[in-house]
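Structure first, then comments.
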Amino acid sequence: MVERQVVLITGTRKGIGRFLAEHFVRQGALVEGCSREAPDWELDGYTHHCADVANEAQVKAMLSSIQKRHGRLDVAINNAGIASMNHSLLTPAATVERIMATNFLGSFLVCRESAKLMRRRRYGRIVNFTTIAVPMRLEGEAIYAASKSAITTLTQVLAREFAELGITVNAVGPTPIETDLIRSVPPDKIQHIVNDLAIKRLGRCEDVANVIDFFVRPASDYVTGQVIYLGGV
């Protein structure tokens with residue numbers, strides 16, 4: 001009997017995270033997910049944790065629960081993230097702290113704790129989320145882009161640190177996708193971003209899942225420290 005993959009996805013209450021949870025369940029995986037609030041949906045093969053990824057104790061408790069129930073973790077996907085669009089001169093320190101805590105600290109904690117569990121079997125796939133706002137240097141997104149730029153560097157360094165443990169670490173950088181993350185952004189700003197892409201359309205959750213599927217395949221064991229930006233920036 002083939003073992004079912006155990007997959008952890010953060011930020012699964014809605015948007016890309018929910019799509020990915022459903023995507024991996026359809027593939028036959030045992031999916032673990034988390035968000036700060038409980039989702040308004042249920043799914044066979046999916047277990048939800050109410051956890052803040054920026055809270056070290058809560059992340060440790062979540063991974064401990066996964067270890068106790070499954071004894072292993074095969075894939076960790078750091079989807080949880082927040083954004084705030086504003087000119088740097090109008091950005092309060094509290095906003096900076098909140099974005100860096102969720103986007104960077106949260107991703108680091110999940111990477112660290114997931115790797116501790118993955119190394120027991122000397123196998124693991126970690127996928128982080130960056131954004132095209134990094135290479136496009138988008139005005140009004142200095143803090144969001146900076147937090148995701150840190151994710152790019154984190155991914156590349158962890159790829160080297162975790163390689164000897166049999167764990168790959170890669171990142172995907174989506175374009176704007178119709179989720180709550182961009183609903184507060186003026187339509188003309190979104191259109192400006194789309195116009196600067198080689199492929200001039202909004203991204204889809206399927207586009208993100210396609211890249212993640214490639215990164216987490218067992219056959220992708222020679223692919224690590226890579227960042228794939230969507231849309232042709």
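Just the residues that are assigned to a helix (DSSP H, G or I) and of a type outside the set (Phe, Trp, Tyr), please, taken from the stretch 20-37.
Here is the first cut: in the stretch 20-37, the ones assigned to a helix (DSSP H, G or I) are 20-26.
Leu20, Ala21, Glu22, His23, Val25, Arg26 - these are the residues of the stretch 20-37 that are assigned to a helix (DSSP H, G or I) and of a type outside the set (Phe, Trp, Tyr).
Name the single residue that is nearest to Ala209 (Cα to Cα) among those in the stretch 92-128 being part of a loop (DSSP other than H, G, I, E, B) and not charged (D, E, K, R).
Our first condition is that a residue be part of a loop (DSSP other than H, G, I, E, B); within the stretch 92-128, this holds for 92, 119-123.
Filter once more, keeping what is not charged (D, E, K, R): 92, 123.
Numbers: Pro92: 34, Tyr123: 21 Å.
The residue in question is Tyr123.
Looking at Val6, Val53, can you tell me which residue is buried (at least 18 other Cβ atoms within 10 Å of the Cβ) and under 21 Å from Thr179 (Cα atoms)? Please lay out each step first, then the result.
Values: Val6 fails: under 21 Å from Thr179 (Cα atoms).
None of the others qualify; the one that does is Val53.
Keeping to the stretch 215-233, report how many residues are touching a helix residue (DSSP H, G or I) at 6+ places or on another chain (Cβ under 6 Å), part of a loop (DSSP other than H, G, I, E, B) and not polar (S, T, N, Q).
3
Determine if the stretch 171-184 includes at least one residue that is crowded, with 19+ Cβ neighbours inside 10 Å, within 22 Å of Arg4 (Cα to Cα), of a type in the set (Val, Ile, Thr) and modelled with pLDDT of 95 or more.
no
When you go through Ile199, Ile212 one by one, which is the residue that is in a helix (DSSP H, G or I) and of a type outside the set (Ser, Thr, Tyr)? First the steps, then the outcome.
Details: Ile199 fails: in a helix (DSSP H, G or I).
Residue meeting the stated conditions: Ile212.
Among the residues of the stretch 67-91 satisfying the criterion of being under 18 Å from the mean Cα position of the chain (by Cα) and not in a loop (DSSP other than H, G, I, E, B), which is surrounded by the fewest Cβ atoms within 10 Å (Cβ to Cβ)? Spell out the reasoning first.
First pass over the stretch 67-91, keeping only residues under 18 Å from the mean Cα position of the chain (by Cα): 73-84.
Now drop any that are not not in a loop (DSSP other than H, G, I, E, B), which leaves 75-78.
Details: Val75: 23, Ala76: 29, Ile77: 31, Asn78: 28.
Once the filter is applied, the top-ranked residue is Val75.
Of the residues Asp207, Asp180, Asp188, Asp196, only one is of a type outside the set (Val, Ile, Thr), under 23 Å from Glu141 (Cβ atoms) and in contact with a Lys or Arg (Cβ under 8 Å, 6 or more places away or on another chain); which? Steps first, answer last, please.
Working: Asp207 fails: in contact with a Lys or Arg (Cβ under 8 Å, 6 or more places away or on another chain); Asp188 fails: in contact with a Lys or Arg (Cβ under 8 Å, 6 or more places away or on another chain); Asp196 fails: in contact with a Lys or Arg (Cβ under 8 Å, 6 or more places away or on another chain).
None of the other options fit; the residue is Asp180.
Residue-by-condition table, conditions (1) more than 18 Å from Val6 (Cα to Cα); (2) out of contact with any strand residue (DSSP E or B) (no Cβ under 6 Å at 6 or more places or on another chain); (3) in contact (Cβ under 8 Å) with a residue 12 or more places away in the chain:
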residue: Asp44; (1), (2), (3): no, yes, yes
residue: His48; (1), (2), (3): no, no, yes
residue: Asp52; (1), (2), (3): yes, yes, yes
residue: Ala57; (1), (2), (3): yes, yes, no
residue: Met62; (1), (2), (3): no, no, yes
residue: Ser88; (1), (2), (3): yes, yes, yes
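In the stretch 1-40, what count of residues is obtained for those that are among the aliphatic types (A, V, I, L, M) and at pLDDT below 95? Full working, then the answer.
Step one: list which residues in the stretch 1-40 are among the aliphatic types (A, V, I, L, M), which gives 1-2, 6-9, 16, 20-21, 25, 29-31, 38.
Subsequent filtering for residues that are at pLDDT below 95 retains 1-2.
Result for the stretch 1-40: 2.
Looking at this structure, is Ile199 farther than 25 Å from Gly28 by Cβ, crowded, with 18+ Cβ neighbours inside 10 Å and not acidic (Asp, Glu)? Walk me through how you get there before you give the answer.
Numbers: farther than 25 Å from Gly28 by Cβ: yes; crowded, with 18+ Cβ neighbours inside 10 Å: no; not acidic (Asp, Glu): yes.
Taking the combined requirement at face value, the residue does not satisfy it.
The values are calculated or read from the model by the stated rules, or taken from the named source; none is laboratory data. Source: prediction; values computed, not measured. No Cβ is skipped: glycine too gets one built from the backbone with ideal geometry, and neighbour counts run over all protein chains shown.
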